[in-house]
Amino acid sequence: MSFDWLASLLPLDRQGDFSAAQLPDAASAWASASALLACDAQHLASTIAKHFDLPVLGDATPSQKAVKLVPASVAERYQVVPIECDDHLITLASANPADTDALQAIQFISGRVAHCLVAPPGAIDDLIQTHYQHGHLSATQLNHAHGTVNQTTLAVKGRSITSRLTPQTAPTEKLFLLILREALNRFVSDVHIQPFVGGAAVRFRIDGVMQQIKSMPISVMQQLVRHIKALSDLDITNTRTPQDGRLTLLVADEDDRDLRLSILPAEGGERLVIRILANQADASHLNFPRELEHAINRAMLDTSGVILATGPTGSGKTTTLYSMLNQLNHDAANILSVEDPVEIKMTGVSQTSVNPAQGLTFPAVLRSMLRQDPDVILVGEIRDSETAELAMRAALTGHL
């Protein structure tokens with residue numbers, strides 16, 4: 001699916017920038033062209049429509065008769081949506097009116113002559129998600145999931161955008177918020193959105209164990225990942241290198257939660273992992289046996305020594321350590337932490353994120369912390385012998 005024709009819509013001095021860009025799909029091509037033209041998707045749609053002498057989709061919605069003529073797999077493959085039809089013609093919404101393969105495929109399948117309307121890729125994905133719900137993850141399905149977080153109280157805040165869950169929320173935006181709502185209700189530590197052969201899936205890590213929640217078409221996943229990247233101010237056109245980002249999850253009458261994003265290119269598309277971090281660690285969710293809880297409390301009474309928290313991803317190591325810091329955190333204590341990165345921001349604790357590019361490695365920061373007169377030090381990871389040696393030395397010299 002080539003979008004080289006989009007270069008002809010750009011000023012001559014910008015056409016080289018567009019041609020040199022890595023543009024794997026319609027969303028990337030439109031995003032790149034919009035940036036170079038300094039316009040939004042709707043204005044670009046009008047420009048493309050004028051170039052091809054075609055109408056823009058506008059407010060038209062697909063008729064059920066037209067949708068039934070084109071299988072979901074074909075609509076997803078060619079990123080088109082049938083809008084209306086009669087006995088001789090079928091009208092399609094497309095972000096790539098130059099895609100003759102798509103037109104020929106639709107004409108062959110429907111037995112009708114195909115005509116195009118121009119629509120942005122986001123609108124195409126939303127229409128596919130809305131009108132081709134064939135057992136995949138949908139906003140309607142998640143809306144009826146069990147849970148305690150009311151939809152009107154949930155929002156996600158990026159650097160410049162706040163996304164709220166309301167009855168008027170756009171489908172892709174709503175899907176993301178509903179996934180987060182279900183994750184909160186199930187006490188999920190990590191949300192995985194990833195491509196598989198023939199589709200994509202949403203998976204939750206609960207108590208350290210991965211659980212598949214729902215499947216979705218690859219096109220829906222791609223649109224969902226682009227929406228999340230845009231919300232967190234990441235580069236939506238970059239699909240070839242890893243990216244990291246952060247968002248804040250706002251829930252009424254509860255503490256905000258930080259969301260840590262990790263995006264990795266993979267076969268079939270980008271995979272996204274969202275780590276859900278509580279701004280206040282709550283040990284009540286850990287369900288420790290009473291004997292173990294007493295043992296931990298006794299260990300915290302010591303002014304020196306080492307307390308190690310080990311376990312698989314999502315098993316509660318961070319919550320355990322921060323719940324301990326909560327109990328140790330008072331005016332008479334000097335508490336420092338070194339982490340990669342800082343996961344839960346805590347008042348009264350001096351927290352440092354490692355940054356190897358700036359020389360802030362675990363050993364370097366820990367060595368400096370020992371000169372800061374600490375009472376308690378939290379080391380987020382002990383992965384090398386030097387960090388382990390420094391941690392043990394600190395424990396033997398009057399630090400916890």
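Read the figures in this text as sums done on the coordinates, not as results from a lab. A quick note: this is a predicted structure, and the numbers were derived from the prediction, not measured. Glycine gets a Cβ as well: all are built from the backbone with ideal geometry, and neighbour counts include every protein chain shown.
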Projected-area average for the chain over all orientations - Cα convex hull basis, square nanometres: 23.1 nm²
Pair Thr130, Leu292: separation of 7 Å Cα→Cβ label points (nm): 4.9 nm
Calculated FRET value between Ser385 and Asp340, using beta carbons and R₀ = 22 Å, to 0.05: 0.80
Residue among Asp233, Asp384, Asp340 with the largest mean-square fluctuation in a Gaussian network model of the chain, springs linking Cα atoms under 10 Å: Asp384
Choice from Arg112, Arg298, Arg367 with maximal GNM fluctuation in the chain (Cα, 10 Å cutoff): Arg298
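Taking every eigenvalue of the Cα gyration tensor of the range 290-397, multiplying by 5 and rooting it, what semi-axes result, largest first, whole Å?
21, 16, 15
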Whichever lysines have a C-alpha closer than 30 Å to that of Lys68, once near sequence neighbours (fewer than 8 apart) are set aside: Lys50, Lys174, Lys214
Convex hull of Cα atoms in the range 154-276, direction-averaged projection (nm²): 7.4 nm²
Using θ = phi - 60° and Karplus 6.51 cos²θ - 1.76 cosθ + 1.60, couplings along the range 369-380 (whole Hz; Gly, Pro as x): 4, 5, 9, 9, 6, x, 9, 10, 10, 9, 9, x
Reachable lysines, given that their alpha-carbon falls under 22 Å from the alpha-carbon of Lys345 and they are not under 8 places away in the same chain: Lys157, Lys317
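Need the full-extension length gain, Asp244 to Gln104, defined as separation in residues times 0.36 nm minus the C-alpha distance. One decimal, nm.
Full extension of this stretch gives 46.4 nm more.
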Overall Cα dimensions of the range 4-135 - principal axes, largest extent first, Å: 46, 32, 26
FRET E, pair Ala299, Ala60, Förster distance 56 Å, beta-carbon r, rounded to 0.05: 0.25
Choice from Gly269, Gly380, Gly198 with maximal GNM fluctuation in the chain (Cα, 10 Å cutoff): Gly198
The chain: angle of helix 41-52 to the longest principal axis, Cα-based, in degrees nearest 10: 30 degrees
Added length on full extension, which subtracts the Cα-Cα distance from 0.36 nm per residue, Leu370 to Leu396: 8.2 nm
FRET efficiency, Gln15 to Phe196 (Cβ-Cβ, R0 25 Å, nearest 0.05): 0.10
